1. Among VAL49, VAL109, which is the only one that is surrounded by 14 or more Cβ atoms within 10 Å (Cβ to Cβ) and farther than 25 Å from GLY186 by Cα?
2. Can you pull out every residue in region 122-147 that is charged (D, E, K, R) and either outside any loop (DSSP other than H, G, I, E, B) or crowded, with 20+ Cβ neighbours inside 10 Å (or both)?
3. If the Cβ limit is 7 Å and pairs must be 6+ apart or interchain, which residue in region 176-187 that is closer than 15 Å to ILE83 by Cβ pairs with which residue that is among the basic types (Lys, Arg) and in a strand (DSSP E or B)?
4. Is it true that ILE17 is among the aliphatic types (A, V, I, L, M), modelled with pLDDT of 80 or more and surrounded by fewer than 17 Cβ atoms within 10 Å (Cβ to Cβ)?
5. Report every pair of residues separated by at least 6 positions or lying on different chains whose Cβ atoms are under 9 Å apart, first residue within region 122-142 and closer than 13 Å to THR67 by Cα and at pLDDT 95 or above, second small (Gly, Ala, Ser) and assigned to a loop (DSSP other than H, G, I, E, B).
6. Filter region 52-69 down to the residues that are surrounded by 14 or more Cβ atoms within 10 Å (Cβ to Cβ) and among the hydrophobic types (A, V, I, L, M, F, W, C), then identify the one that is farthest from SER114 (Cα to Cα).
7. Could you tell me which numbered condition LYS102 fails, if it satisfies all but one of (1) modelled with pLDDT of 90 or more; (2) part of a strand (DSSP E or B)?
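The values are calculated or read from the model by the stated rules, or taken from the named source; none is laboratory data. Not measured: the values here are computed from a predicted model. All Cβ positions, glycine included, derive from the backbone under ideal geometry; neighbour counts span all protein chains shown.
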Amino acid sequence: MQAKMTLKHGVYLSQSIGSIDADISGKHQNFSDFVGNNPDAITEKNATVYDGKISDARSVGYNLRYTPKVGFGYELGLYFTKIKMPTQDAALIHDDGSAFKKNTTAGPVDVVVSSPSSYMQTTDLYLGGLYNFTAINKSTPYIGLGYAKIKGNWHKSYYSGTPGGADYGTKGKTKVDGHYISAKVGINFNENYNLELEHAKHKIHADAFRSFNINGSDAKFNRTSVNLIVNF
């Protein structure tokens, strides 16, 4: 006999915990052969910033669940997320692991970009599966796996002016899209509240991200978060 399924609506709140490091790659102008009077020597090569810092990621939204008392069920979420990156220095690295270089009067030096703060605002459409275990004292433990499609904007992501200048990093935005996959464990309390610990792997593409002086980018990072769902 098929288990009786219950439909539950909920308000979803999520807050990242711990540090978040992002690897961000894209095209950067390579000045290693430029000596001041040979502009044809300036080329574009792929550059990666390893361990770029994300200071905070939080979401709010709507969650819908269709689950039995015990067994497999489903959930759908529509979440609005904000991801913040603080001001930081970013070393640009070639695909072979060597540092980008530029020539100075003192000789070649590594390229380190002073990146202004920026933030993403995305809409996340989440679809996942859940498995409810037998309740213990009116509390039901469960596990879940899911996938989310991400679309939005990366604000203050196009630099204006010169690094160190008054306008640097104060304007502009670029479109972002991507996805994340996640695994989580949770407990439902008295069928009214859900408390979860979730780990997600993100891949996000930005059309013209420039805060690290990189033209366009692909960002990868892992996020651990605590989620609260209040059912109504």
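1. Working: VAL109 fails: surrounded by 14 or more Cβ atoms within 10 Å (Cβ to Cβ).
Result of the check over VAL49, VAL109: VAL49.
2. ASP124
3. Pairs that qualify, where the first residue is closer than 15 Å to ILE83 by Cβ and the partner is among the basic types (Lys, Arg) and in a strand (DSSP E or B), are ASP177/LYS151; GLY178/LYS203; HIS179/LYS149; HIS179/LYS203; TYR180/LYS201.
4. Yes: the conditions hold for ILE17.
5. PRO141/ALA135
6. Step by step, filter region 52-69, then rank; the result is LEU64.
7. Evaluating LYS102 over (1) modelled with pLDDT of 90 or more; (2) part of a strand (DSSP E or B) leaves (1) as the failure.
Yes/no matrix, rows are residues, columns are (1) within 19 Å of the chain's Cα centre (by Cα); (2) under 15 Å from ARG65 (Cα atoms); (3) at pLDDT 95 or above; (4) among the hydroxyl-bearing types (Ser, Thr, Tyr):
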site	(1), (2), (3), (4)
ASP177	yes, no, yes, no
ASN192	no, yes, no, no
LEU195	no, yes, yes, no
GLU198	yes, no, yes, no
LYS203	yes, no, yes, no
PHE209	yes, no, no, no
